[in-house]
1. Of all residues in segment 67-126, count the ones that are assigned to a loop (DSSP other than H, G, I, E, B), small (Gly, Ala, Ser) and more than 15 Å from VAL168 (Cα to Cα).
2. Within segment 137-184, track down each residue that is of a type in the set (Ser, Thr, Tyr) and within 12 Å of SER104 (Cα to Cα).
3. Since ASP130 meets every condition but one in (1) out of contact with any helix residue (DSSP H, G or I) (no Cβ under 7 Å at 6 or more places or on another chain); (2) more than 23 Å from ARG173 (Cα to Cα), which condition does it not meet?
4. Give the residues of segment 153-196 that are assigned to a helix (DSSP H, G or I) and among the charged types (D, E, K, R), sorted by residue number.
5. Look at THR51 and say whether it is modelled with pLDDT of 55 or more, under 22 Å from CYS189 (Cα atoms), in a strand (DSSP E or B) and not aliphatic (A, V, I, L, M).
Amino acid sequence: MTNVSSEEVKMNQTAGAIATPERPSRLDAPTPEHRLPDAGLQNNGLNAAWTRIVRGVTDRASSESSNITVDLAEGESALEFSTRLRMLLLFMNRETGSVSATVSPSFQNDTYPAMLALVNGFHRSGAGEDWRPDGPRAIRVGKASHLFVSVDMPVAGRSPSPDTLLEVVAAHRIDAAWYDQRVRPRASCPGLTTVMFGVPGVPGGRDSHGSIFAGSIFERERARNLSGRTGGFHLSRQSDWTATAAV
């Protein structure tokens with residue numbers, strides 16, 4: 001990493017050092033804006049997911065829990081989308097408080113880049129002074145915090161359970177049994193929105209990225225949403241990004 005300031009922010013030795021960029025010459029208002037109808041992305045599927053997710057998290061006190069699955073193409077990334085969403089939740093709930101979380105398969109390939117993208121997003125928006133580290137793998141803005149969980153490098157100790165959003169990245173690479181043991185018991189808060197991004201694959205097959213689609217949490221939750229469970233929504237190109245099997 002280059003062009004870092006002399007005041008590096010270190011999340012924790014476990015998470016490694018996250019170096020913040022130089023302060024921008026002009027401070028702009030934070031970019032997340034929950035009044036917008038979509039994320040402003042080129043991907044129509046992610047825009048559709050944005051609308052569904054924001055609707056759930058802004059009305060969580062009076063709504064039931066929802067489960068959203070989103071099909072991605074092989075090699076397609078939702079990093080920009082997720083960064084905007086995390087910033088939105090942190091700023092939106094900085095006065096009232098909330099806990100959101102991201103679960104991903106690999107610390108090196110998924111979690112660390114996501115943490116760095118979030119920090120860089122704050123600085124690009126002129127909000128670099130508004131966040132602070134909050135434990136080994138958490139970022140806080142005011143009373144709101146976002147946790148990062150890695151399958152291959154869990155953090156010892158008990159962290160708060162998500163009450164707003166649970167995001168599962170590359171869910172086709174996360175074993176359902178692991179999820180049921182390590183995540184599901186902590187994801188029972190009323191009104192919680194759970195969104196899973198994954199690449200659907202041939203049952204029993206593995207792709208170049210080590211997909212275990214057969215037996216993955218994405219395969220199971222995707223099938224449940226397609227079967228029409230209450231509070232379930234599935235978004236895919238095949239359905240023109242219209243929520244499928246929503247009951």
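The values are calculated or read from the model by the stated rules, or taken from the named source; none is laboratory data. Computed from a prediction, not measured in an experiment: that's the story for all the values here. Positions of Cβ are generated from backbone atoms using ideal geometry, with glycine treated the same way; all protein chains shown enter the neighbour counts.
1. Filtering segment 67-126 down to residues assigned to a loop (DSSP other than H, G, I, E, B) leaves 72-78, 93-97, 105-106, 125-126.
Next, from what is left, pick out any that are small (Gly, Ala, Ser): 73, 75, 77-78, 97, 106, 125-126.
So of that shortlist, the ones also more than 15 Å from VAL168 (Cα to Cα) come out as 73, 75, 97, 125-126.
Result for segment 67-126: 5.
2. Just the residues of segment 137-184 that are of a type in the set (Ser, Thr, Tyr), to begin with: 145, 150, 159, 161, 164, 179.
Answer for segment 137-184, where residues must be of a type in the set (Ser, Thr, Tyr) and within 12 Å of SER104 (Cα to Cα): SER150, TYR179.
3. Every listed condition holds for ASP130 apart from (1).
4. We begin by selecting, within segment 153-196, every residue assigned to a helix (DSSP H, G or I); these are 171-173, 176-182, 184-186.
Once the filter is applied, which keeps residues that are assigned to a helix (DSSP H, G or I) and among the charged types (D, E, K, R), segment 153-196 yields ARG173, ASP180, ARG182, ARG184, ARG186.
5. Numbers: modelled with pLDDT of 55 or more: yes; under 22 Å from CYS189 (Cα atoms): yes; in a strand (DSSP E or B): no; not aliphatic (A, V, I, L, M): yes.
Considered against the rule, which asks whether it is modelled with pLDDT of 55 or more, under 22 Å from CYS189 (Cα atoms), in a strand (DSSP E or B) and not aliphatic (A, V, I, L, M), THR51 comes out as no.
Let's see how each residue does on (1) of a type in the set (Val, Ile, Thr); (2) modelled with pLDDT of 95 or more; (3) surrounded by fewer than 16 Cβ atoms within 10 Å (Cβ to Cβ); (4) closer than 19 Å to LEU89 by Cβ:
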{"site": "SER104", "(1), (2), (3), (4)": "no, yes, no, yes"}
{"site": "PHE122", "(1), (2), (3), (4)": "no, no, no, yes"}
{"site": "GLY126", "(1), (2), (3), (4)": "no, no, no, yes"}
{"site": "PHE148", "(1), (2), (3), (4)": "no, yes, no, yes"}
{"site": "VAL155", "(1), (2), (3), (4)": "yes, no, no, no"}
{"site": "ARG158", "(1), (2), (3), (4)": "no, no, yes, no"}
{"site": "ARG173", "(1), (2), (3), (4)": "no, no, no, no"}
